[in-house]
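**Student:** Before I ask anything, here is the structure I am working with.
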Amino acid sequence: MRRRDFLHNSLTFTGAALSWAVLPPMSARAADRDLVEVTLDARPYRYPAVSGARFTGLAYNGQVPGPLLRVRYGQMFRARFINGTGGLSTIHWHGMILPNDMDGVPYVTQAPVPDGGQFIYTFKPDPPGFRWYHSHVGDQEALGLFGAFLVEDPREPRADVEVVLILHDIPDMRSFWAAIAGRSAATMNVPPGLTPNGMQALPASTAMHPGGGMGAMGRMGGMSTSIKPMPMGDAVGYLSHCVSGAAYPRTRPIIVKVGQTVRLRILNASPTLTHYVRLAGHRLRVTHSDGNPMPRDVTVDALRIGVAERYDAWFEVTRPGAWMLTSLMGQIHDHRQSVLIRTEDAADRLPEMPPPSLAGAELFTYRLAGAGMPLPPDEHAPFGPANVRRTLLLGGGTPGHRHWTIDGKIWPHTPKIDVRHGDRVLIHFKNPTDMDHPMHLHGHVFELVEQSGERLRYPLLKDTTLVPAAGTSTWRFRADSPPGRWVLHCHNVVHMMDGMMTEVDYVRGA
Ligand SMILES: [Cu+2]
């Protein structure tokens, strides 16, 4: 008989504090359990005033984000999912390698759970690291059905202070559905100091417009004839921008001591927005991408976090003070998506703000982290042996057109990728569109080996990567996950709902 221990009560009632504050060390008792058991109960939810928006969405266990789930690597996990959403629902365990029928993709890995129904998800969380969970049905994740899932690796050194921060944005649902239909009037969020394609703008005179932040070009490129990006029909407008359920100044501060090492685990759970995060007065040492250890650490001024990506970012507290950690938004004075980090004695200090522009900042990029170098032009098989090589062409986003495509097709008509167990697989993305696409593969951790023509000397282990606008990416992996159908899709929920999805299918035989 296996021992059971019910953790769900404590998760239900104290989860709110855990999920956005400093993490206490796991107790020895929790670590000794064979099985961690939780209940996730999804229901309609009125957002509290701290979120900065009047909004009725959905929540797991009455909180957005849902409870922080935490297991020690090696423990079994069992979740009783109760669906009270009023519609169909499932839970996807993002970044986990798990039995295919636990993956939570409706009509692909399971029948969706009907309203009023229940489903038991059970698996051994693997690999260790920072994962997350969310609904895989329609707009439910955008409405609030998401949370962080930490698989503690007992072999890793602990920081003095460990914090999980979830960046998320509360959509204007009218604009959300208009974006799905390709008729939204919202414009892209482009933080100061970046071009609409996420490239760093030229500094000073060439880029700055009085009063308008950067000289943002329209999405169609061309010269800076307008101050703001043009609406292209597909952008979602937002009511509020939050960190772990609250907007500044209602976010809970992180209190630290001089001499401490702080480890931030940051998740971008936004429906559509890439986030750029900067901490005043500090550089951030990045050690993990999507929860997986990086071949080497990199230290940067600011993080770029695509939708569904995670980074572990560390810093040392070397002096007393108060500093803002901020996701820089297109509106130069919008500091809602911020958390105050201060020493115990600095309660009365005015917090130091990060520079308002990313111009000139050393930004985390795959190229920087992976030490990108140009591919030799005569190299025919530059990424080692692979017996399955596929190129996927991303498309869509033309004005007024609602489809986002792979090889010109929309889900479920997109071409699938068949693999056999043990295959070495290379997937090459070509993205001629004018947007980055956060492409995500279920049930695998792959290596990002190429980005826009540069080979990464230090491939990053990831489950989601931003395939850059007018660029390319290449993934490499061994097909050694449990057999089944693993979907591969854009994690921008508008693009996913408008067709940008395919699957990697394990087929039998030689
Ligand atoms: Cu996309």
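**Student:** Filter the range 434-455 down to the residues that are surrounded by fewer than 22 Cβ atoms within 10 Å (Cβ to Cβ) and modelled with pLDDT under 95 and list them by number.
**Tutor:** D434, S452, G453, E454, R455
**Student:** Which one is surrounded by the fewest Cβ atoms within 10 Å (Cβ to Cβ) among residues in the range 83-125 that are aliphatic (A, V, I, L, M) and closer than 25 Å to G62 by Cβ?
**Tutor:** Looking at residues that are aliphatic (A, V, I, L, M) and closer than 25 Å to G62 by Cβ, I get I120.
**Student:** Residue under question is P382, and the condition is that it be assigned by TED's automatic domain parsing to the domain that holds T474 and away from the ligand (no atom under 15 Å from the Cβ); does it hold?
**Tutor:** yes
**Student:** Hey, V445 hits all of (1) within 17 Å of H94 (Cα to Cα); (2) of a type in the set (A, V, I, L, M); (3) within 16 Å of the ligand (Cβ to nearest atom) but one; which does it fall short on?
**Tutor:** (3)
**Student:** Please go through the range 275-287 and give me each residue that is of a type outside the set (D, E, K, R) and out of contact with any Phe, Trp or Tyr (no Cβ under 7 Å at 6 or more places or on another chain), ordered by number.
**Tutor:** Answer for the range 275-287, where residues must be of a type outside the set (D, E, K, R) and out of contact with any Phe, Trp or Tyr (no Cβ under 7 Å at 6 or more places or on another chain): H275, Y276, V277.
**Student:** Can you tell me which residues in the range 81-94 are assigned to a strand (DSSP E or B) and within 24 Å of H444 (Cα to Cα)?
**Tutor:** F81, S89, I91, H92, W93, H94
**Student:** Could you check the range 463-510 and list, in sequence order, the residues that are more than 27 Å from F123 (Cα to Cα), surrounded by 21 or more Cβ atoms within 10 Å (Cβ to Cβ) and away from the ligand (no atom under 13 Å from the Cβ)?
**Tutor:** Within the range 463-510, T474 is the sole residue that qualifies.
**Student:** Another one. Is it true that some residue in the range 362-375 is in a loop (DSSP other than H, G, I, E, B) and more than 30 Å from V163 (Cα to Cα)?
**Tutor:** Checking the range 362-375: at least one residue is in a loop (DSSP other than H, G, I, E, B) and more than 30 Å from V163 (Cα to Cα).
Listed here are the residues, each with its yes/no results for (1) touching a Phe, Trp or Tyr at 6+ places or on another chain (Cβ under 6 Å); (2) modelled with pLDDT under 95.
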{"position": "M223", "(1), (2)": "no, yes"}
{"position": "K228", "(1), (2)": "no, yes"}
{"position": "G233", "(1), (2)": "no, yes"}
{"position": "G237", "(1), (2)": "no, yes"}
{"position": "H241", "(1), (2)": "no, no"}
{"position": "A247", "(1), (2)": "no, no"}
{"position": "I255", "(1), (2)": "no, no"}
{"position": "G259", "(1), (2)": "no, no"}
{"position": "V262", "(1), (2)": "yes, no"}
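**Student:** Does T398 meet the test of being without any contact (Cβ under 8 Å) to a residue 24 or more places away in the chain, out of contact with any Ser or Thr (no Cβ under 6 Å at 6 or more places or on another chain) and within 16 Å of the ligand (Cβ to nearest atom)?
**Tutor:** Yes: the conditions hold for T398.
**Student:** Check every one of the strands (runs of 3 or more DSSP E) wholly within the range 230-298 and list those with 1 or more residues that are in contact (Cβ under 8 Å) with a residue 24 or more places away in the chain and under 21 Å from the mean Cα position of the chain (by Cα).
**Tutor:** Output list reads 238-243, 261-268, 275-279, 284-289.
The values are calculated or read from the model by the stated rules, or taken from the named source; none is laboratory data. Computed from a prediction, not measured in an experiment: that's the story for all the values here. We place every Cβ from the backbone using ideal geometry, glycine too, and count neighbours over all the protein chains shown.
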